[in-house]
Amino acid sequence: AQVYEVRVGTLVPEAGERVTSPGPLAIRSQGHPPQVRLASGMHAFERGAVFSLPFAGIHLERAQLRVREIEAGEEAAAALHPAVYVASANARISPLGALAPGARPNRWGRGEIALEPGRLAVVGLSATGSSEPEMSTTALLQQSDLGVSAVVTEEGILVWVTSIARAEPVEGVHVSAR
């Protein structure tokens, strides 16, 4: 809990006579409600790189980090409903507060989620520790060696795919635009 000092100026009741101002008052606060901030959505990292995702939080005593790797064939379910996907019993759960040691009930703290290189994963942060999907902020993480570039011209759209590691075009890649 945080203690605040409050000073009150001149007090004038309805009758109109002035009342002696009390000395400083101490008010104890339980702090802000638990909150987390995370760049949600889809994040792409270069293949082989460590996933590093910054976040901020306040009042993280019960907050949880949930991580679930995406199994082959479950990519669409994870992308369309990441909060539901990471809320399952298959997710790894760990305390989030340890990753943002500067966070307090009345102070935002910054942290970083670092995961070992992998295929695909969904990360969910719950400020309250709830496993309910609507209580999570989520991000889908993927690694790729492919960089997609596009140029819009008067004749149409030119799209090409490049290997990030080799800085060369990739042959045989099928690209579709909708």
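The values are calculated or read from the model by the stated rules, or taken from the named source; none is laboratory data. All values derive from a computational prediction rather than experimental measurement. Ideal geometry is used to build each Cβ from the backbone, glycine not excepted, and the neighbour counts take in all protein chains shown. Each accessible area value is taken on the protein alone, full model and side chains, heavy atoms only, with ligands, DNA and RNA left out. Shrake-Rupley method; radii C 1.70, N 1.55, O 1.52, S 1.80 Å.
Points to keep in mind about this one:
- The gain in end-to-end length when the E134 to W160 segment is fully stretched comes to 5.6 nm, 0.36 nm per residue minus the alpha carbon separation.
- Of Q143, Q30, Q64, the one that fluctuates the most in a GNM where the chain has Cα springs shorter than 10 Å: Q30
- Considering only alpha-carbon pairs that sit under 8 angstrom and 6 or more positions apart, the relative contact order computed for the chain is 23 percent.
- Per residue accessible area of the range 123-177, 1.4 Å probe, in Å²: 63
- Ordering of 104-112, 17-25 by packing [mean C-beta count within 10 Å, highest first]: 104-112, 17-25
- Label-point gap, in nm, between A15 and S94 - each point 7 angstrom along Cα→Cβ: 6.5
- Relative contact order, percent, the range 1-46 [alpha-carbon distance under 8 Å, six or more residues apart]: 40
- Inter-site label distance for L25 and A167 at 7 Å from Cα along Cβ, in nm: 6.7
- Gaussian network model of the chain, springs between alpha carbon atoms under 10 Å - residue of S144, S136, S29 with greatest fluctuation: S29
- Two-site label geometry, A79 and R62: point separation in nm, points 7 Å out along Cα→Cβ: 3.5
- Fraction of antiparallel bridges per DSSP, the chain only, in percent to nearest 5: 90
- Accessible area of the range 1-68 belonging to carbon and sulfur atoms, whole % at 1.4 Å probe: 52
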